[in-house]
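Written below as structure tokens is the structure these notes are about.
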Amino acid sequence: MTAMTWTVRVDPQLCLASGMCAGAAPDVFALDTEHARVLPEAIEPDERILDVADACPAQAITVHDGNAVIGPRRD
Ligand code: SF4
């Protein structure tokens, strides 16, 4: 059985290395010298990660549910 999962990406060209994401969700994000990276290949659906994507100052984080981009939320 497969559970529904989301995938999370950080665009290294956009990331400003603020560290906010890694501070808010260290299970999902790690901050390297230049930019953040995503640790798990997939996550369980998690509102918290949508909040982090919304709050990224560079809008570098995207959250994907299959082919749909569900975060950051635009409105
Ligand atoms: S919050 Fe955004 S800009 Fe800051 S480290 Fe994470 S991905 Fe990069």
Yes/no for THR7 being more than 8 Å from the ligand (Cβ to nearest atom) and either among the aliphatic types (A, V, I, L, M) or not in a loop (DSSP other than H, G, I, E, B) (or both): yes
Residue, farthest from VAL69 (Cα to Cα), within segment 14-30, restricted to residues that are surrounded by fewer than 19 Cβ atoms within 10 Å (Cβ to Cβ) and touching a residue at least 40 places away in the same chain (Cβ under 8 Å): SER18
Residue that is surrounded by the most Cβ atoms within 10 Å (Cβ to Cβ) [pool: residues in segment 49-69 that are within 10 Å of the chain's Cα centre (by Cα) and more than 8 Å from the ligand (Cβ to nearest atom)]: ILE49
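Values in this text are rule-based calculations from the coordinates and carry no lab data. These numbers were taken from a predicted model, which means no experiment stands behind them. Using ideal geometry, Cβ is built from the backbone for each residue, glycine included, and neighbour counts are taken over all protein chains shown.
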